[in-house]
Structure formats: structure tokens, C-alpha cells
Amino acid sequence: MTADTTAHHSQEDGSSPNALKKLGHALKPSTIASKLHRSSDKDEDRQDGDLPEQGKAAQRTEQKRHEKEEKERRMQQEHEEVERRRKESDQRAEREEPAELRERYGELRHPGEIALLDDVVQEPEGTHVVFRARIHTQRELSANLNFLIFRQRGFTIQGVLHEGVSAHMIKWVQRLPDESIVQVSGTLQRPPKPITSSVDSPLEVAVETIHLVEPSRNIPFGLYHGEPPPQRSRLHNRTLDLRHPTNQAIFKIRARILKVFRDTLDELDFLEINTPKLQPAATESGAEVFRVNYFGRKAFLAQSPQLMKQMAISADFGRVYEVGPVFRAENSNTHRHLTEYTGLDIEMSLKQDYHEVFYVLDTILKNMFRAIASMKNELARVREVWDSEDFVFLDETPVIPFSEAVQMLRDDGRDVEEEDLHTPDEIRLGQLVKKKYGADYYIVDRFPKSARPFYTANDGKTTNSFDMFVRGQEICTGGQRINDPIQLRQSMRDSGIDEADMEEYLSAFDWGMPPHGGAGLGLERIVTFYLDLPDVRLSSLFHRDPHSLPAKQPSLPHPDADTTKTYDPEHPPPLENLIANYGDATNTSWLDDRFEIWRDSETGAAIGYVQQSGKFCMLTGDPLCDDKQQVEVSRRFLEFVKHDLKLKPVWMLVSEEFQEILAEQYGWRTFSCTQEQRSDSDQVTSEVIQNKKEQRGVFKVSEVELSDDFKRRADKRIEEWKNTRSSRGKQVHLTEIAPWRDPEHRRYFIAESDPKSRQSNGDAENGTGKKQSNGESDNSTSDGEPIIETLVVLTRLSPKHGYQLKWALDFPSAPHGAIESTVQAALSAVPGEPVTFGAAVAESFVTEHGIGGFRGKFLEKTYRSIVHSMSLDKKAGFREKFGVTGERTYICYPKHAIKAHEYGEIVKFFE
């Protein structure tokens, strides 16, 4: 929209500047806000003095909460006021306008045929057009004049609402926010004065009808007015940012580069391939790979398709190329590094020497440069935001030996070693090359061995390899590969790479590998450096760098059980939901019948306890509340224990953080002889994953939904399991076997076998399938229904703690390895989630607060005696198969609360 064009139409309308200003702001939220805010500002000031005295930090938190709530209230009032005025305006239009005028605007009801704006901007004057586009911006001048710029896929055209439209129609359009999608019909006309704003047609659309397809809501920034927002804000709101015509132009150029790459290589008889991105070993350097859990085994995201490309050459493909993602775990936060980018890779058999590779690449790149230079409109769009000089490349590309490049930099006064070039050196070299050769594109050849991967052919000092540069920045690395298997193995040993992880790759060389070479280009770098953009992230659709995928504060699965919010004391949040919001493994035992539940009247928080021996209040696990509330909640609970129960509290299996609260706030004694055992699925042993009996079909592992029939079959097996356990004497445990409680937060996994198949394989524990030596009957069923061999139950804990493997029941006569396979299936069902196996004895006894000397030694001796006599460390062997790591939990009690002969009460609680 230009000032000249606006002035011309304004003079025809005859409206005064003041009237235009008022009408231009009609019904805008900003004009309503100040009126709504005045009284509420006073209310807010008055409320500030009423904040409770909870310390400065608590006051600030409370103040922020008040401010947030007040802002939300104001926005709601503002929205309601806008909607009220809009409704009044629409009602007035219905009364005053004839139906035929009302049909020319409003919500879209009949889509009809539409043209692309790409085509509309090419049409001649007088053409009637119907198209769909976004409102890029609009200039509101009066009740009878309004200018808009419409935008679609990076193309823009000016529209005008003036002759033949009603004031109500203009006002309705003025209320539409930028970025709303509208369907427009009108006639292309030449404006009174040339349009000087950035549009793709010298004509404008005289709008006849305009209908709303979909409004925009709460956009963080506009794409037209003023200076663009900071890059961080634009990348954070990338979908909106990508709509900008400049970004549309960048990605059209990017797409053209990809097409030229493919077309050129197809003409040169290359075959496109697609290699897997999950690899068994690092391609280049173990420190730069992303490791993933591949069904419990180690795998890596490919740093490049390098290994597979070479294997394709051994497979006699001759010449191959690939376009695909490349992953680099480099913690580099520079303008030219990404952790995931699009790689353009080639590999080819060689006839004479490795220079054949860069002759091919030279052809590809020059074709790309010519194609980009032909995209005049797109280049102009980009330069509207990021100006750049014309890109220069020569018919004969400068090829500079690495040693000569180093000398050029030294002659320039830079201290450069003959190892590799750092980014500042590369940029400066580009400036020197431009000055000497007049070119923005060149090649540096014969890099030293220390700067190249293990597979690069070399003479012991220098390599048959090269880099290609655009405006002083590297876009490509390539060269000849080692094809002799003996030399390759030696190079791997020298680089510290284990041959055992590369067997498949090495076999391609043992079976005969022709001389070959290849290269990898970074698509984002080509785009960025050719266009001279400030950051490679601008050439990536949704970039990935070390700061991507930030850790977010997990939301509570049950907002109605948020203890930081007000609640109805008559209807406190269910205990099950509090466990899912705040709980760890120990808290799940509070669902057992023996636990009583105390509720905090102020927050709705919960604490489970058991009254024992008429003296003690036995507690397990942290309070179920927000971490910031633990001090106040525990204080109120301990007052309840003292005054109401009149018992001595013993708080067990609590976290390190909560035991610090008990020690520092109340002076309690604390020690640790237990730990929460959390699983690291990357450390699972291979026999757990590769169970031969499961592979042979002796049993099948699956997740099941609860049904009456399943519970009936499982209950029968659980009773058999209990009978077997009862014969083993005294057991130590915290929780009852009650898998059907709280099914909303539980998942069930089983191993099942077919009775006939299992008996024929002789896989029962005693190998017979007949009556067991302990008097149990054969567990196969008369009707031949599948036998439940194992049951594993996962319980949902707080977002911070993930899941608990609540029960892992290995039923009598189950095939060997079935329970391990079932547990692993459960772990694999919740990838990326922490999983705890629950509490277990720790390897050592540790005193923390207030315990030392004789008492500490006595406790440690007693602890070791109990562990040995009751075999409490037996679970360790099973759990170690799943890579568990221990996280200490603590036992805490007030000073003088437990006498020496009363420590047995702790063991008694778990019997």
C-alpha cells in the first residue's frame, strides 16, 4: 500500500483525517482495553496489600499468579466487549442492508471454483477473478475506503474496497485480523497511481465479494508491518514465519536445487538409493552420534549414508546418489551447524583417480548456480530482507592445494597449522580467493590425513580428498575411499573403531571392492551461503540444533488433582489421581487396605500411614503434593500424628530431597539402606531381548485389556503363585498382590503358551507337564485354552517418575526366560519414560543426619544380618538384567523416637 495511492482514493471520498482515524480504529480491541483496565488496576493495587506473609519468594510467586489471573480476566472482558459490539454491528447491518448486499460478505457458505493467486497475478486488466488467500495486511482509511494486500504461497496482490460496497461491508472487513483466510471475487483494474509496495502485479483487485474461510487467532507477530521480529521469535513460531514471501522464495530455491541435483545425476547414469538411518555403529566418530535404544540393543542415527553407499558400490551399482537426513550430535551452536540436515550424497566407481568425483560435483554445482540465477523473482524477494552481492563462479573452477591455502592464510598474517581449517580461517580464505581469482566458488584439495575419516585413501600424510566452498564456507567434503580390506582394518584400529561392530560393512570389502570415491553436500549450506543468509537455520524448514526439543515441564495428567489449586474439601481429589500426578513407586502401596490416608485440609494433599504396635505411625514415600508444598504439608501432618494419633512417626523410603526437609526442618535422624531401582533400557543384556523359546513360538508375549475372563484365568495363576511362595517361609514386601486396583493407571502384559505346544517342547519346569512334586496339579486346562505363564503390571506414576513395574509374576512351570521377555515388552511399551522396579536393599548402609558412632555401627550390623537371613538381595540378579541403577531412599525418625530394641519395628512393617 503506497501513500500516493491512498491519498488519491481519500480525496475522492472526501473524508476528514480525524474521521478516517476514528473509523480506522473502529471496534479494535486496543481501543477497548484502556477503558476496561482502569478500575481493575485499582482493584489489583488493593489486593497486593492483602497477600499473606509467606516470605519474599512466596509473595513474588503469589503476585505473579495474581497478575496472570488479572491479565486473563482483562483479556476475557476485552473479548466479550468486542464480541458484543460486533454483534450489535451485524444486527444493525441486517436491519439496514438489503439481502443482496449482505450476501457479498460474511462467512463462506458456497466455495465454488477458485484460481490460484500464482495465476491471478498474471492475468490482464479487466479479468474477473475468484481466488482464496490470506489477508497480509490492510489499510483502513474510512467508512467507504479500505485497502488490503492478499497473499498466497508467497504471491501478493493489492485489493481495494471502495465503489459499490457498503459501509457495513467495509467495517466487517476491517475487523478481520491479519492472516485470516478469505475468498475474494472482483475485477482486475489499474490503480490511479502505480503501486510501489512489494506486490506481484501492477494491477489491483476491485473487491466485489469477500467471505471468511477461516480467521486467524492470537498470532504472535504480523508479517507486514515494521521491522521483522528477532530470529529467535520467528524460528520459535516457524509455521507463521514460513508464510512470509521471503521464506516462500527461499524454499522454492531449495526445491529447485534438489531437482537440479537429481536431474544432473540421472543424466550422468547415477542410480538413486535410500539407505537406512539406523546403524549398528558410528560412521565417523563415536562422540558425534545419536545413540538410540533399538529393542534394547544399541543403535545409532546415521551420521551419513557413507557405509551403505560404499556397500552399494561393492554390489556393482556403479554410480549411486541419495537425498536424505543426516544426524550429527555435535554441540555446535554456530550459524552453520545443525544436528539434523539434508544430505546430498554420491558414490561412484573410479576409472583413473579421485578427481573424477569432483568433476561430477563441479558439474552439479554449476548447474545449481545457473538455475538459482534464473530465479529472478525469488532472488529479489530474498534480497528485500537479506541483501547480497551477485554470486560469481568461473568456467574453470579454482582448485587450490591445501598446503597452498595454508600459505595464503599465513601470508595474510594468520597463525594456521597444517591440520584442518577452522571457520574463521575458511571465511578469510574465501575473501582472499575472491580477491585473487574473482570467484565465490572454489575447491581446496589434498587435505591432511588427520582431518579425514578412517575410510579416506591416503599416502600416510595427505589424503585423496577435497572440500568445496561457497563464499568462504564449506558445503561439501569428498574424496577417494580405501578399497583394500587389510588397509581399511588397520585404519579402523588406528582410529579406535571396533571391527566387531562393522562386520557387514567389512564383508563388502572382503568380497572385492573396486576403487571408488564419493562426497556429501549439505543442502541447507548450499542455500544459505549462495543467498548469503545470516544463519543456516533459515534454510531448514523446522531446524534441529542443540537447543531444539527443549525439556518441558510435564503437565499433570489430572488437573483436578492439582494441590496448588483450590479444591472442594467435601470432594478431595482421588488418591489414584494424586499418585499419577505426584507419586513414586512407594506411594502406590497406599492403595492397600492396611494404609490409612490423611488429607490436608488446605491443599487436598495426601499421606498414607499405618498404626503399628500401639506406638508407631509408620509412613512410606514422599507426601502426594507439589514439591514446593512438602514443608507445610508435612508440618500439618506431624501435628496430626502428635496431637491426634499420639504416636511416634517413622518415615521410610523417602527421597533424598524429602529426607533433607525432615532433617533440616525438624532435626530428624536419617539413614539409608534401601534404593529405588530405576531401569536403563540401554543396558539390557542381549539374552533378555533374544529369547530363543519366544522366537520358536513356545510362548507369546502381548499387552492385554482387562476382561472378566482374563481376570479369572490370571487369578487362578496368582493363587498358584501364592501357594508356591508360602512354602518358602517369611517374606519381605511392601505391597499386596492386587493387580486389578486402579486399572485406569495400569497396563498389563502377559506371556501365554499353548498347552499342547508347551508339553511337546518339554518346557515346563519339571519337563513333564504332569503333577508337580509339591502337590500342585498340572496347570494346563481341560478345554485347551492358552496358559498364562507370566503377568507384568505397569503402574503410572508422576510425569517425573514415569512408570513402576509394580508386579512381575513368574507363575509355576513357566518356560525359562518368559518373565524376562514379558518385562522387556513392558519396558519397550513406554520408550523414553523412566521406569522403576521399586525399592530394594542397597549395597551399603549410609548414615546421613544425627547418627554416628556406636549407634551407626549397631544399625549397620543389624542391617547386614537381616539382609543375609532373609535373602533380601536375591532380587538384584534378576533386575540387573534390565540395567537398573540405584537411587537411594531414606529412613527417617525424630530424635529419641526409636530405642535400640525397637529397630525391629521397621522390619516388622515389611513382613
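The values are calculated or read from the model by the stated rules, or taken from the named source; none is laboratory data. For clarity, every value in this text was computed on a predicted model and none was experimentally measured. Backbone-built Cβ (ideal geometry, glycine too); neighbour counts: all protein chains shown. Note: areas computed on protein heavy atoms with side chains; ligands, DNA, RNA excluded. Shrake-Rupley method; radii C 1.70, N 1.55, O 1.52, S 1.80 Å.
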- Task: Calculate one ³J(HN,Hα) per residue across the range 594-600 by plugging θ = phi - 60° into the Karplus curve 6.51 cos²θ - 1.76 cosθ + 1.60, and present them in order as whole Hz with x for glycine and proline.
- Result: 6, 8, 9, 10, 8, 10, 7
- Note on the structure: Over the range 247-539, with neighbouring protein chains present, the accessible area per residue in Å² at probe 1.4 Å is 43 Å²
- Note, the range 572-585: 3J(HN,Hα) by Karplus (6.51, -1.76, 1.60, θ = phi - 60°), whole Hz, Gly/Pro = x, goes x, x, x, 4, 4, 6, 5, 5, 5, 7, 10, x, 10, 4
- Summing Lys, Arg as +1 and Asp, Glu as -1, what charge do residues with Cβ under 9 Å from the Cβ of Gly222 carry, Gly222 excluded? -2
- Built amide H within the under 5 Å cut-off of Glu340, gap 5+: Arg328, Arg544
- Fraction of accessible area attributable to carbon and sulfur, the range 100-225 (%, probe 1.4 Å): 48 percent
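Taking the Cβ of Gly438 as the centre, find all other residues whose Cβ is under 15 Å away and add up their charges (Lys, Arg: +1; Asp, Glu: -1). Don't jump to the answer; show the numbers that get you there.
Details: positive: Lys434, Lys435, Lys436, Arg471; negative: Glu389, Asp390, Asp395, Glu396, Asp440.
Overall, the nearby charge balance is -1.
Note the per residue figure in Å³ for the convex hull of the C-alpha positions in the range 100-225. Each step should come with its number before you reach the end.
Numbers: hull volume 13.5 nm³, N = 126.
Hull volume normalised by residue count: 107 Å³.
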- Message: Check which residues have an amide H placed less than 5 Å from Phe837's amide H, if you skip close sequence neighbours.
- Response: Gln677, Arg678, Ser679, Leu805
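For the range 247-539, which whole percent of the accessible surface, found with a 1.4 angstrom probe, sits on carbon and sulfur atoms?
Details: 6000 of 12670 Å².
That fraction is 47 percent.
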- Give a residue-ordered list of calculated ³J(HN,Hα) values for the range 108-124 (Karplus: 6.51 cos²θ - 1.76 cosθ + 1.60, θ = phi - 60°; whole Hz; x for Gly, Pro). 6, 10, 10, x, x, 7, 10, 10, 6, 5, 3, 7, 4, 5, 9, 6, x
- Task: Would you please state the base-10 log of I(q)/I(0) at q = 0.10 1/Å for the range 500-606, with intensities from the Debye formula using one equal scatterer on every alpha carbon?
- Result: -0.66
- Item | Cα shape, the range 247-539, gyration tensor, a/c 1.5 rule | prolate
- Neighbour net charge for Tyr803 - beta-carbon separation under 10 angstrom, K R +1, D E -1: +3
- Given the pairs Lys298/Lys722; Lys648/Lys857; Lys68/Lys800; Lys309/Lys552; Lys615/Lys861, which span a C-alpha to C-alpha distance of over 28 angstrom in this model? Lys298/Lys722; Lys309/Lys552
